[in-house]
Amino acid sequence: MAKQALSIPKLVERIPDDTAAYVFLEGLRWPDGPVCAHCGHDKAYFLNPANGHSRATGKKRTASVRRVWKCAKCRKQFSVLTGTVMHGSKIAVRTWVFVLYEMAASKNGISAREVARKYEITEESAWFLCHRIREAMKRDPLAGLMAGTIVADESFIGGKMKNRHASNRHNTDKWYDKTPIVSLVNKTTGEVRSKVVANVTGATLRSVIRDNVDVPASELHTDEHIGYQRIGREFPEHKSVKHKDGEYVRDGASTNVAESYFAQLKRSIDGTHHNVSVSHLHRYLAEYDFRYNTKKLTDADRMHAIVGGMGGRRLSYEPLRRY
Ligand SMILES: [Zn+2]
C-alpha cells in the first residue's frame, strides 16, 4: 500500500471518510497487523462499537467512526491513534491524513495559515496540528552516533526587523538578534542533524558534536571558526577552509553541504512561515532535517516514516501553550 504513488486526488478517492482514514493509518503504522499500544502484544480483536449494545443502558450504541481494538493479552482497548501525537486531537482523522501527506510531500513545508484555509479549521488548530506532525518527524532519540566525514557549521536564524513587533524592534539586525543553530552533515551517508544552541562557543560546539558523532571513527570538516579547534583535535583528522581568505575548498574539504542546507532552511522559513519563534525553532529544524534525510524516498514512504515515528510521542496542548 505505502509503495503506491500518492496524490491528493488518490487520497480523496481512497479516504472518503474518517473510518477510511483510520484504516489508512493502520496500514501505515501496523503493516503486519495491530500492535497493542499498552503492552506491545501483537494479537488484538477488533471491536466495532457500531454493532454493540451498551451494557449500561441496553441501547444500541451510536455508530462511531473510531476503529477500536482490544488486546488479547492485557485486555485494554486502543486505536491506531493511542500513544501517538494524534491522540486526543479534536481534528478529524481524515484532516490529519491529508495534512500529513502535504507535509510529507512539500519541499518547503506548509504554513498553519494555509492549512487552516484549506481544511476549514481555526489557525490555532492548524498551528498545533502542524507542530504535532513536526514532533513525529523528530529523529529517533535512540538513533546512534553518526560516523563518516562530518561537516559542522553554524548559522543564525531570525526574522527580518520589519516583521517584528514594534516593542521588539531594534536598530540592528546583526547576528546577536538571531538564534544560533548548529548543523552536522554526514557527507558519507547524507544525514543531517541540526540543533538550536545558546551560543557557538567551543564548549557548545564540542558538546553538540560529541553527542552526535562517533569522533574516533570520523573526520571533521569546518570553516576557520576558532570554536572548532579543540574538538577538531579530538578527531583523527580535522580539515578547515578559510572563508575569510575566499577559500571554499581545501584538501578535499568544504562546508558547502551545510551552507546549502542553511540556504534551503532560510528560504523555507522566510517564504513559508515568514517568521518562527525561537521557542519553536527546534521543531522546524526537525522538519527540515527530516525532509533532507528522506529526500530520496517517495512521498508515500516519507508519510510512512512519519507515522512510524508517532508511537510514544505525544505532545499535549498544554506544554505547547506555555511557550
Ligand atoms: Zn496489550
(request) Return, for the Cα atoms of region 149-276, the radius of gyration and Dmax in Å, separated by a comma. (result) 15.6, 50
(request) Report the local net charge at Gly33: Lys and Arg +1, Asp and Glu -1, summed over other residues whose C-beta lies under 10 Å from its C-beta. (result) -2
(message) Can you find, among Val276, Pro216, Val249, the residue sitting farthest towards the positive end of the charge dipole of region 209-311, where Lys and Arg contribute +1 and Asp and Glu -1 at Cβ?
(response) Val276
(request) Calculate one ³J(HN,Hα) per residue across region 180-190 by plugging θ = phi - 60° into the Karplus curve 6.51 cos²θ - 1.76 cosθ + 1.60, and present them in order as whole Hz with x for glycine and proline. (result) x, 10, 10, 10, 10, 10, 8, 5, 6, 10, x
(message) Need the C-alpha centroid separation for region 229-263 versus region 61-131, integer Å.
(response) 42
(request) Please name whichever of Thr189, Leu265, Ala152 sits farthest to the positive end of the charge dipole of region 149-276, dipole taken about the Cα centre and charges placed at Cβ: Lys and Arg +1, Asp and Glu -1. (result) Leu265
(message) Defining a contact as two alpha carbons under 8 Å apart and six or more residues distant in sequence, what relative contact order in percent does region 149-276 show?
(response) 26
(request) List the trypsin sites (Lys or Arg not before Pro) within region 243-294 that fall in a DSSP loop (any state other than H, G, I, E or B) and whose Cβ has at most 12 other Cβ atoms within 10 Å. (result) none
(request) Return the subset of Lys138/Lys295; Lys187/Lys296; Lys10/Lys266; Lys266/Lys295; Lys10/Lys107 for which the Cα-Cα distance in this structure is over 22 Å, preserving the input order. (result) Lys10/Lys266
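Could you put Asp214, Asp32, Asp18 in order, starting from the residue whose Cβ has the fewest other Cβ atoms within 10 Å? Walk me through the numbers on the way to the answer.
Working: Asp214 13, Asp32 6, Asp18 18.
Lowest to highest Cβ neighbour count: Asp32, Asp214, Asp18.
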(request) Report, in debye and to the nearest 20, how large the dipole of region 149-276 comes out about its Cα centre when Lys and Arg carry +1 and Asp and Glu carry -1 on their Cβ. (result) 580
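Each value in this text was obtained by applying a stated rule to the coordinates, not by laboratory testing. In this text the structure is predicted, and so the values were computed from the model without any measurement. With ideal geometry, Cβ positions are generated from the backbone for all residues, glycine too; neighbour counts draw on all protein chains shown.
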